[in-house]
Amino acid sequence: MKKLDKGAAAKEREGAKPARGPGFEAKRMEILRGAAILFAENGYHETSVNMLSEKLGVSKPVLYYYAENKDDILVQIGQISLDMLRAAMSRAQKAQLSGVGKLRHFFTAYTEIMCSDFGRCFAFVDQKVVSAEARAENSAGRRVIEAAIREIIVEGQSDHSIAQCSPEFASRALFGAFNAIPRWFKEGGEFDAREVAEVYIDLFVTGLGR
């Protein structure tokens, strides 16, 4: 794994906290991305703060400057993932497309996000390890997105781009299928995340019948 920029390596080795300058957010994202990779690959409980410090190339005091503790790192990763998903949903809702077109738009972005470093961690790590408040926020964010998908399905039924069916069952089927992709998807494989999403969407739209 690529280690962090060592521009302030000497200070970091001494445990000095970097100033919240222009590079603060970029450094925070770099640390969180690296932590997300480690959590997804090794497991949350199996990844200690010492391992994070060693693999990310920063001292523990510096690590604690960007997050209160290991749980907070996971919470921030979840917030980033949800923010990306909310943005993807907003773009789909605003797109001048039919209902099925909006589904295609969203789930293509959804697959790319969930197969990213942040998304894989969000998908793999049991959110029960974080605080009740953080779990509630994650659950609320997911419910908003799921409700928006049901609304898009109803919209598609109105414009005749989606067959009449239960929006709730259709939404559950879609998320059930797409949530499984990060568990087998391999970056650099035969298909990229967008291509996988397109195949899945085509299967839902056309079905398996001849």
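The values are calculated or read from the model by the stated rules, or taken from the named source; none is laboratory data. Note that the structure is a prediction, hence the values are computed from the model and not measured. FYI the Cβ positions are ideal-geometry reconstructions off the backbone, even for glycines, and counts take in every protein chain you see.
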Matching residues in the range 134-162 (part of a loop (DSSP other than H, G, I, E, B) and either touching a Phe, Trp or Tyr at 6+ places or on another chain (Cβ under 7 Å) or surrounded by fewer than 12 Cβ atoms within 10 Å (Cβ to Cβ) (or both)) number 1
Filtering the range 111-133 down to residues that are within 20 Å of residue 177 (Cβ to Cβ), outside any helix (DSSP H, G or I) and touching a Phe, Trp or Tyr at 6+ places or on another chain (Cβ under 7 Å) yields 115
Any hit, the range 116-127, residues being under 16 Å from residue 81 (Cβ atoms), among the acidic types (Asp, Glu) and in contact (Cβ under 8 Å) with a residue 12 or more places away in the chain: yes
A careful count of residues in the range 45-66 that are closer than 23 Å to residue 133 by Cβ, surrounded by fewer than 20 Cβ atoms within 10 Å (Cβ to Cβ) and either of a type outside the set (A, V, I, L, M) or in the same structural domain as residue 187 (by TED's automatic domain parsing) (or both) gives 2
Here, helices (runs of 4 or more DSSP H) confined to the range 29-110 with at least 2 residues that are closer than 22 Å to residue 141 by Cα are 70-94
- Message: Given the criteria at pLDDT below 95, in a helix (DSSP H, G or I) and within 23 Å of the chain's Cα centre (by Cα), does residue 183 qualify?
- Response: yes
- Item | Check on residue 98, hydroxyl-bearing (Ser, Thr, Tyr), under 30 Å from residue 160 (Cβ atoms) and either surrounded by fewer than 22 Cβ atoms within 10 Å (Cβ to Cβ) or not assigned by TED's automatic domain parsing to the domain that holds residue 149 (or both) | yes
